[in-house]
Amino acid sequence: QRVGRLELETWPNWASVSQKTYTVLFLTYKRTDILGRVLDFHCNFALVDRVIVVWNNVDEPTIPKHFTNYNCSKELFFKRPLVNSLNNRFIPYPEIRTEAVLIIDDDQLPRGKDLELAFHVWQNSPQLIVGFQSRVHTYDRIFRRYGVIDGKHRSQRPSKENHQYSYILTITCFLHIHYLHMYTYELPRRLYNFVELHNNCEDIFLAGMVGEFLRKSGREQPCCIWVKGHGQHLEKIAKGFKGINHSNKGFWPQRQQAMNMMVKEYGHLPLKFTNVLIET
């Protein structure tokens with residue numbers, strides 16, 4: 001099922017952007033032991049224009065030279081933010097010269113053919129977020145509040161048999177560069193600061209922001225398309241950081257809070273259900 005293309009004439013004109021390739025943008029934090037494998041993958045992928053690594057190890061004085069001098073067939077850039085924040089993954093860095101940006105975690109090695117498919121889907125629907133992992137929000141009619149499917153109820157998450165969803169995780173996803181500008185400079189500060197404080201929920205706020213943008217643009221539709229992707233998850237072998245949801249006891253309550261914060265900011269929840277699933 002093809003989702004119609006939104007007219008983008010009102011979006012800024014990016015002087016040097018390309019639609020035929022994409023920019024890889026990912027944060028890395030305390031996982032230097034697997035960073036080389038991740039760089040090798042992106043540096044040798046034909047559809048990649050440039051690779052941008054956000055070095056969130058802010059407590060380290062320098063970036064090791066064997067990374068800054070890495071043998072990469074693409075242009076490789078390292079960015080050093082002042083704080084370790086998940087908001088850094090959505091900064092519209094000036095080195096980006098493509099419309100499409102691949103946001104991906106530093107422990108993900110997807111299959112090449114799945115990335116090609118997702119990029120092709122995105123090229124046909126650049127106003128949407130296209131990603132590999134979907135999630136669904138919930139609504140409690142008794143308490144009149146929104147929530148998420150937490151780790152204790154994983155069987156209720158979207159699946160091949162029941163694939164209704166309302167947002168996409170930013171573990172691996174394509175989005176338009178314009179959304180990086182919107183997130184960094186236009187996302188309600190209360191939401192932006194919530195991510196800054198908790199290092200959580202950036203995916204929920206991104207999806208809600210896109211959904212609200214589409215609604216105001218006259219195209220009220222789901223924010224995202226789910227492409228069924230596969231690959232290696234290197235977190236299992238990484239010696240360093242094991243992921244925020246493993247170390248943060250408030251992870252799931254914060255995500256429920258985030259859903260209801262969006263309702264207060266926008267006057268409604270800007271997420272819509274869909275069951276579009278693209279597979280190879």
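The values are calculated or read from the model by the stated rules, or taken from the named source; none is laboratory data. Values in this document were obtained by computation on a predicted structure and should not be read as measured data. Cβ sites come from the backbone with ideal geometry, for glycine too, and all protein chains shown count toward neighbours. Accessible surface is based on the protein model in full, side chains and every heavy atom, while ligands, DNA and RNA are left aside. Shrake-Rupley method; radii C 1.70, N 1.55, O 1.52, S 1.80 Å.
Kindly check whether there is at least one residue in segment 99-111 that is open to solvent by less than 10 Å² (accessible area, probe 1.4 Å), part of a helix (DSSP H, G or I) and within 21 Å of residue 227 (Cα to Cα).
No, there is no match, as no residue in segment 99-111 is open to solvent by less than 10 Å² (accessible area, probe 1.4 Å), part of a helix (DSSP H, G or I) and within 21 Å of residue 227 (Cα to Cα).
Hey, can you tell me all the residues within segment 69-102 that are of a type in the set (Val, Ile, Thr) and touching a strand residue (DSSP E or B) at 6+ places or on another chain (Cβ under 6 Å)? Steps first, answer last, please.
At the first step, the residues of segment 69-102 found to be of a type in the set (Val, Ile, Thr) are 83, 91, 96, 98, 101.
96, 98, 101 - these are the residues of segment 69-102 that are of a type in the set (Val, Ile, Thr) and touching a strand residue (DSSP E or B) at 6+ places or on another chain (Cβ under 6 Å).
When the residues of segment 3-34 are filtered to those that are within 21 Å of the chain's Cα centre (by Cα) and modelled with pLDDT under 50, which remaining residue is nearest to residue 226 (Cα to Cα)?
3
Surrounded by 13 or more Cβ atoms within 10 Å (Cβ to Cβ), of a type in the set (D, E, K, R) and touching a Leu at 6+ places or on another chain (Cβ under 7 Å), is that true of residue 89? Lay out the reasoning, then the answer.
Working: surrounded by 13 or more Cβ atoms within 10 Å (Cβ to Cβ): yes; of a type in the set (D, E, K, R): yes; touching a Leu at 6+ places or on another chain (Cβ under 7 Å): yes.
When the stated conditions are applied, residue 89 passes them.
Given the options 81, 94, name the one that is in contact with a helix residue (DSSP H, G or I) (Cβ under 6 Å, 6 or more places away or on another chain) and surrounded by fewer than 18 Cβ atoms within 10 Å (Cβ to Cβ). Walk me through it before giving the result.
Details: 94 fails: in contact with a helix residue (DSSP H, G or I) (Cβ under 6 Å, 6 or more places away or on another chain).
On inspection, the qualifying residue turns out to be 81.
Filter segment 112-140 down to residues that are over 22 Å from residue 231 (Cα atoms) and among the hydroxyl-bearing types (Ser, Thr, Tyr) and give me whichever is surrounded by the most Cβ atoms within 10 Å (Cβ to Cβ).
125
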